[in-house]
Amino acid sequence: MESRYDIKEVETRIAKAWDDAGYANPDVCVEKGVAKKDAEVFSMILPPPNVTGELHIGHAAMLVIEDILARRNRMQGKRTLWVPGADHAAIATQSKVEKLLQKEEKKSRHDLGREEFLRRVNDYARKSHDFIVTQVKRMGASLDWSREAYTLDDTRERAVRTAFKKLHDLGLIYRGDRVVNWDPKGQTVISDDEVVHEERTAMLYTFRYGTLADGTPFPIAISTTRPETKVGDTAVAVHPSDARYRDFVGKEYDVVFCGVPLHLRVIADEAVEKDFGTGALGVTPAHSAIDWEMAQRHRLPLVPVIDERARMAIAAAPGSPLNGMKTAEARERIVEELRAAGLIEKEEEVPQSVATAERTGAIIEPLPKLQWFIAVDKAFTDPAGRTATLKEHMRDAVRGGGIKIVPAHFEKIYFNWIDHLHDWCISRQIWFGHRIPVWYRGAETFVGAAAPAGEGWKQDPDTLDTWFSSGLWPFSVFGWPPQTEKEKGDLAAYFPNTILETGYDILFFWVARMILMSSALTGQVPFRTVYLHGLVRDAKGQKMSKSKGNGIDPLEMADKYGADATRLSLVIGTSAGNDLKLSEDRIRGYRNFSTKLWNIARFLEMNRPGGADGTHGIVGAAAVADAEKIAARDEAKALAALKREVDAHLDAFEFHLAGEKLYHYLWHTLADVVVEAEKKNLREGTAEEKAESYALLEHLFLDAIALLHPFMPFITEEIWGIFRPGRMLMVEPW
RNA sequence: GGGCGUUUAGCUCAGUGGUAGAGCGUUCCGUUCACAUCGGAAAGGUCGCAGGUCCGAUCCCUGCAACGCCCACCA
């Protein structure tokens, strides 16, 4: 044994040995007899990293927790499958490549055209993918690469098109003209979940539209932070119980507002807040989601006045100077005019939450658009024969106990989200992604997994929200809808997944969507348990980011302190759903632990009977000493108790407690106490005493090392190989 | 506005109905004998605040406060 533990040499060699052995593939385990053919199954998918760049510390934390699960279950003899993959991440990847293109060639995607641009994005995605794969392997993740999948490959495209077709046939996918979240910068529609609300202060203006034909002022004053949208108003809404305005309800008025003729009806609607502003609301059905809904209820006309570039476009007043202005400019102009006309009654600053696009940061412009949606409130009959809405399915999957969420309090957060859920807008005006499997010819529409026969069909130019394909992942990775025997076998064996492990930040984006898709398309829950981990933050608790420069690169840490030490630092000190504060000091601390383990191993080897010179002689000590005698010793009983504790913690998903106890046992019990106590015997004892001492220490050490394997797989595998050559710890019985 | 969570030693966090623990940090001592990437020891906390239940609460209940997160169509 080397006196110094050469982290990089060992970790590289061991990683290759695992690769060669192929035990991450359960079929190989069955073939080689380390798992029984009919053994219990443990299956899990790797949340596919986006092909937008590199592995960050958050990915590393995810890999570690999942690898601990996979390795322990594999050692327990289960047919264990952990499936790797990558996500094309439509919008994220496209905008990344667009940025590069702009920076390096000063070109937009339109300069290249759809085909050439997509070629570039796919190139980028491939390189990014290859890099991520090497990084994932470096962390020691025991994934079955023979089953690797990509959300945009042919098999997954088949799944996406089949899913679209089926959901459409069930009446759950529909095309609708509605006010949607338009991102003027990204030039695409986005879903409600991709909207981020930012707190800002805004000016709230209270004013009257203008003067009526008979010279009297418009009878009701309204309040708004967006006067420029008021040129699109078609009603004024008040609360039904508001006595101040009761007499006006039902009346209609013609008024000219800043040169734009408006026809306004006074309506009564529960959605109006009596105490806000004047208690009267100017209704702009085309540029506000709530107003649009009100307009539906009262059959109000829709008058769009803002275009896709977020500029004014007032059809009713083609000559208006407002046309072509940005909304902010138009707002100023209108306020000035109102001031000049003496129509403003009040101007006050109010806190306001502005809707912005998660990806581009642009302020969302609600616009009426024809888009594809998934209906969440429409009843349908699922493959299991149950009739309910998607919302009900999603609720019942968790409430009925089919899915258990860890930690449990996220169940409440999940239900709260479902309560507020609206129909999911799934079409995007971007190029990278799954093209919507719908073809048009004149007034005809065809929905299907493949293009229709005949001339003149044109496919919908839009693509699908990236979460549409991610939502299918728990079964699409196995080739759903199955065609081959292998796909059928995999689906039957590994779906539903035993567990889904991911970060709590994508509970809605991803976890909820998988439950939605799975219940509608398979009639089953996609997984039995959801374990949610927290975010990795820096030592001050701040989010790590490149711009702040406070990020910790897991690969750099792995090279410096070892993947093992990096792994342990990402597990100890955090628990389910809680954020982890990480510093390089902590990682260094666990590197010291690796060194300690190495030195215990060296000490043992030096004292091995018949091998004092360090040669790997026959492993005879255990045989010489009476195994029963060893097992009866208090030290062995203490270790057995430790194993029970570790098992209990792992069963309860308390990885940090299990890791801490093993750490503490190996260092502060085994090394500091037991080894010290046995030193006398090892040096001065009889041959028999020496053998017993050695056998005891070896027994305790190797058992503890085996328990530690899921946490620190590299060094434990290496040490195991020294004392038990020829057998891989990775598949030793737990 | 609705929902969720956190509050324990300087820092990061465990934990239990019976007058508190770990790691790191600090201080002191030691160490040619597996390991200075080491060993031993010490200092350090009225367990956010106020009530309640109990023989007894840091742990259970109620209220409050501070901090954080998520959601949201009061314009």
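The values are calculated or read from the model by the stated rules, or taken from the named source; none is laboratory data. Computed from a predicted structure; not experimentally measured. Note that we place each Cβ from the backbone using ideal geometry, even for glycine, and neighbour counts take in every protein chain shown.
Against the condition over 22 Å from A:Arg147 (Cβ atoms), more than 16 Å from RNA strand B (Cβ to nearest atom) and at pLDDT below 90, how does A:Gly454 come out, does it pass? So that I can check it myself, show each step before the final result.
Working: over 22 Å from A:Arg147 (Cβ atoms): yes; more than 16 Å from RNA strand B (Cβ to nearest atom): yes; at pLDDT below 90: no.
So A:Gly454 does not fit the description; no.
Can you find a residue that is within 11 Å of A:Leu604 (Cα to Cα) and within 10 Å of RNA strand B (Cβ to nearest atom) anywhere in segment A:681-688?
From segment A:681-688, those within 11 Å of A:Leu604 (Cα to Cα) are A:682; that's our starting set.
From what's left, within 10 Å of RNA strand B (Cβ to nearest atom): A:682.
Checking segment A:681-688: at least one residue is within 11 Å of A:Leu604 (Cα to Cα) and within 10 Å of RNA strand B (Cβ to nearest atom).
Which residue out of A:Glu148, A:Glu198 is under 21 Å from the mean Cα position of the chain (by Cα) and of a type in the set (Asp, Glu)?
On the way: A:Glu198 fails: under 21 Å from the mean Cα position of the chain (by Cα).
One residue alone meets the criteria, A:Glu148.
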Note on segment A:203-234: residues within 43 Å of the chain's Cα centre (by Cα), surrounded by 19 or more Cβ atoms within 10 Å (Cβ to Cβ) and among the hydroxyl-bearing types (Ser, Thr, Tyr) are A:Tyr205, A:Ser223, A:Thr224, A:Thr229, A:Thr234
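Please find, within segment A:252-305, the residue that is nearest to the chain's Cα centre (by Cα) out of those that are among the β-branched types (Val, Ile, Thr) and within 14 Å of RNA strand B (Cβ to nearest atom).
Our first condition is that a residue be among the β-branched types (Val, Ile, Thr); within segment A:252-305, this holds for A:255-256, A:260, A:266-267, A:272, A:278, A:283-284, A:290, A:303, A:305.
Next cut, within 14 Å of RNA strand B (Cβ to nearest atom) only: A:266-267, A:272, A:278, A:283-284, A:290.
Details: A:Val266: 45, A:Ile267: 43, A:Val272: 36, A:Thr278: 43, A:Val283: 37, A:Thr284: 35, A:Ile290: 29 Å.
Applying the filter and picking the extreme gives A:Ile290.
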Scanning segment A:369-410 residue by residue, those closer than 22 Å to A:Asp505 by Cα, in contact with a Lys or Arg (Cβ under 8 Å, 6 or more places away or on another chain) and among the aromatic types (Phe, Trp, Tyr) turn out to be none
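Against the condition within 16 Å of RNA strand B (Cβ to nearest atom), of a type outside the set (Gly, Ala, Ser), touching a Phe, Trp or Tyr at 6+ places or on another chain (Cβ under 8 Å) and within 27 Å of A:Asp269 (Cβ to Cβ), how does A:Pro351 come out, does it pass? Walk me through it before giving the result.
Working: within 16 Å of RNA strand B (Cβ to nearest atom): yes; of a type outside the set (Gly, Ala, Ser): yes; touching a Phe, Trp or Tyr at 6+ places or on another chain (Cβ under 8 Å): no; within 27 Å of A:Asp269 (Cβ to Cβ): yes.
Considered against the rule, which asks whether it is within 16 Å of RNA strand B (Cβ to nearest atom), of a type outside the set (Gly, Ala, Ser), touching a Phe, Trp or Tyr at 6+ places or on another chain (Cβ under 8 Å) and within 27 Å of A:Asp269 (Cβ to Cβ), A:Pro351 comes out as no.
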- Message: Can you confirm whether A:Leu370 is modelled with pLDDT of 90 or more, away from RNA strand B (no atom under 15 Å from the Cβ) and surrounded by 13 or more Cβ atoms within 10 Å (Cβ to Cβ)?
- Response: no
- Message: Any residue that is over 30 Å from A:Ala90 (Cα atoms), away from RNA strand B (no atom under 15 Å from the Cβ), part of a loop (DSSP other than H, G, I, E, B) and not hydrophobic (A, V, I, L, M, F, W, C) - is there at least one of those in segment A:234-251?
- Response: yes
Pairs returned, first residue in segment A:258-276 that is over 13 Å from A:Ala317 (Cα atoms) and in contact (Cβ under 8 Å) with a residue 40 or more places away in the chain, second residue that is within 15 Å of RNA strand B (Cβ to nearest atom) and of a type outside the set (A, V, I, L, M, F, W, C), beta-carbon separation under 9 angstrom, 6 or more apart or interchain, are A:Leu264/A:Tyr209; A:Leu264/A:Asp233; A:Leu264/A:Thr234; A:Leu264/A:Gly282; A:Val266/A:Tyr245; A:Phe276/A:Ser223
The one condition A:Tyr440 fails out of (1) over 30 Å from A:Arg309 (Cβ atoms); (2) modelled with pLDDT of 90 or more; (3) not in a helix (DSSP H, G or I) is (1)
Flagged in segment A:143-195 as part of a strand (DSSP E or B) and surrounded by fewer than 18 Cβ atoms within 10 Å (Cβ to Cβ), in numbering order, are A:Tyr174, A:Arg175, A:Gly176, A:Asp177, A:Val195
Pairs returned, first residue in segment A:350-367 that is closer than 23 Å to A:Ala286 by Cβ, second residue that is of a type in the set (Ser, Thr, Tyr) and more than 10 Å from RNA strand B (Cβ to nearest atom), beta-carbon separation under 8 angstrom, 6 or more apart or interchain, are A:Gln352/A:Thr201; A:Thr360/A:Ser95; A:Ala362/A:Thr356; A:Ile363/A:Thr356; A:Ile364/A:Thr356; A:Glu365/A:Thr327
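Among the residues of segment A:613-671, write down those that are assigned to a loop (DSSP other than H, G, I, E, B), modelled with pLDDT of 85 or more and either within 11 Å of RNA strand B (Cβ to nearest atom) or more than 14 Å from A:Leu697 (Cβ to Cβ) (or both). Steps first, answer last, please.
Narrowing segment A:613-671 to residues assigned to a loop (DSSP other than H, G, I, E, B): A:613-620, A:625-626, A:633, A:652-654.
Okay, now just the ones that are also modelled with pLDDT of 85 or more, so A:633, A:652-654.
A:Ala652, A:Phe653, A:Glu654, listed by residue number.
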**Asked** Quick check: is even one residue across segment A:543-564 more than 9 Å from RNA strand B (Cβ to nearest atom), of a type in the set (A, V, I, L, M, F, W, C) and modelled with pLDDT under 85?
**Response** yes
Yes or no: segment A:235-249 includes at least one residue that is more than 20 Å from A:Lys274 (Cβ to Cβ) and either within 48 Å of the chain's Cα centre (by Cα) or surrounded by fewer than 21 Cβ atoms within 10 Å (Cβ to Cβ) (or both). no
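Conditions (1) over 22 Å from A:Trp473 (Cα atoms); (2) surrounded by fewer than 22 Cβ atoms within 10 Å (Cβ to Cβ); (3) polar (S, T, N, Q); (4) more than 21 Å from the chain's Cα centre (by Cα), marked per residue:
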| site | (1), (2), (3), (4) |
| --- | --- |
| A:Lys32 | yes, yes, no, yes |
| A:Pro48 | no, no, no, no |
| A:Gly77 | yes, yes, no, yes |
| A:Pro84 | no, no, no, no |
| A:His88 | no, no, no, no |
| A:Ala92 | no, yes, no, no |
| A:Arg109 | yes, yes, no, yes |
| A:Arg120 | yes, yes, no, yes |
| A:Asp130 | no, yes, no, no |
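To keep it simple, each residue is scored yes or no on (1) surrounded by fewer than 16 Cβ atoms within 10 Å (Cβ to Cβ); (2) modelled with pLDDT of 90 or more; (3) assigned to a strand (DSSP E or B).
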site: A:Val376; (1), (2), (3): no, yes, no
site: A:Met394; (1), (2), (3): no, yes, no
site: A:Gly401; (1), (2), (3): yes, no, no
site: A:Phe432; (1), (2), (3): no, yes, no
site: A:Thr445; (1), (2), (3): yes, yes, yes
site: A:Trp467; (1), (2), (3): no, yes, no
